[in-house]
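In what follows, a single structure is set out as structure tokens and then discussed.
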Amino acid sequence: MKVVILAGGQGTRISEYSKSIPKPMIEVNGKPIITRIMSHFAKAGFKKFYIALGYKGAVLRKYFKKNKKDWSVKLIDTGTKTMTGGRLKRLQKYFKNETFFMTYGDGLSDIDLKKLVKFHKKNNKLVTLTAVRPPARFGHLKIKGNSVKYFKEKSSLDEGWINGGFFVMNSKFLKSIKNDNTYLERDPLENLAKKKQLSAYKYDGFWHCMDTVRDKKSLDQILKKKKFKKIFD
């Protein structure tokens, strides 16, 4: 199965780094996050990558020219101002009637990718997304006057489910994406849900995105653990 990685956004919320390099090239514990993502797929046996470039795509091209592995890596320019759905639409010619992975270039998870594919096939929908718990950020307080009456450290389980990426898609879905201005997460997926063609694979395990400097520093520490080195190195 082929793997699409969206790597063209500007990463404005982490501009301390993204002013000079594209977000997927920001290092977490010494390596660009995109290579951590790719290592996860490769170790599960999925080594055919299609990377949708945009903002500062030349940096990614230079990196992969110098750093070669036993992976097939196609780097495709999808425009600097193209939205997520539009980037995917521009890759349509690389996919016939087949199923493929798609994920974002800024999130890590130790999800079992083979189980995800089995789930997708069993449910027989056009698209499966991975639903995850966002990392807990704040504790819950109840205050009366100046006194704290109740304090509870917030759990990720309090946050509900969000789209964690790690999609499995049937290429027929790409026909429903209009143009470069289409956000994948709006009309295409919303309409798919209305048609009951979107399934959710609920995953309670490790998942962490890199939206901010705080997220990057958190991932630096997490990836020092031995169990994650086996997956993402």
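Numbers below:
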item: Contacts under 8 angstrom Cβ, first residue in region 191-206 being in a loop (DSSP other than H, G, I, E, B), partner of a type in the set (Ser, Thr, Tyr), 6 or more apart; result: GLY205/SER109; PHE206/SER109
item: Within region 39-59, considering residues that are over 27 Å from LEU189 (Cα atoms) and touching a residue at least 60 places away in the same chain (Cβ under 8 Å), the one surrounded by the most Cβ atoms within 10 Å (Cβ to Cβ); result: SER39
item: Residue selected from region 1-49 under the condition among the aromatic types (Phe, Trp, Tyr) and in a helix (DSSP H, G or I), by the criterion modelled with the highest pLDDT; result: PHE41
item: Count of residues meeting criterion [within 17 Å of the chain's Cα centre (by Cα) and assigned to a helix (DSSP H, G or I)] in region 90-114; result: 2
item: Selection status of GLY85, small (Gly, Ala, Ser) and surrounded by 14 or more Cβ atoms within 10 Å (Cβ to Cβ); result: yes
item: Residue count for region 79-131, restricted to those that are of a type in the set (A, V, I, L, M, F, W, C), under 17 Å from PHE46 (Cα atoms) and in contact with a helix residue (DSSP H, G or I) (Cβ under 8 Å, 6 or more places away or on another chain); result: 6
item: Pairs, first under 15 Å from LYS48 (Cα atoms) in region 101-120, second at pLDDT 95 or above and assigned to a helix (DSSP H, G or I), C-beta under 8 Å, six or more apart; result: PHE101/PHE41; PHE101/LEU113; MET102/LEU88; THR103/ILE37; LEU113/HIS40; LEU113/PHE41
item: Qualifying positions in region 15-30 - of a type in the set (D, E, K, R) and either buried (at least 16 other Cβ atoms within 10 Å of the Cβ) or free of Cβ contacts under 8 Å to residues at least 12 places away in the same chain (or both); result: LYS19, LYS23, GLU27
item: So LYS62, is it under 19 Å from SER171 (Cβ atoms), part of a helix (DSSP H, G or I) and free of Cβ contacts under 8 Å to residues at least 24 places away in the same chain; result: no
item: Selected residue (only one of THR35, THR12, THR78 is of a type in the set (Ser, Thr, Tyr) and surrounded by fewer than 16 Cβ atoms within 10 Å (Cβ to Cβ)); result: THR12
item: Every residue from region 122-153 that is at pLDDT 90 or above and exposed (fewer than 12 other Cβ atoms within 10 Å of the Cβ); result: LYS122, ASN124
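The values are calculated or read from the model by the stated rules, or taken from the named source; none is laboratory data. If you're wondering where the values come from, they're calculated on a predicted model, not measured in any experiment. Glycine also receives a Cβ, built like all others from the backbone with ideal geometry; neighbour counts cover every protein chain displayed.
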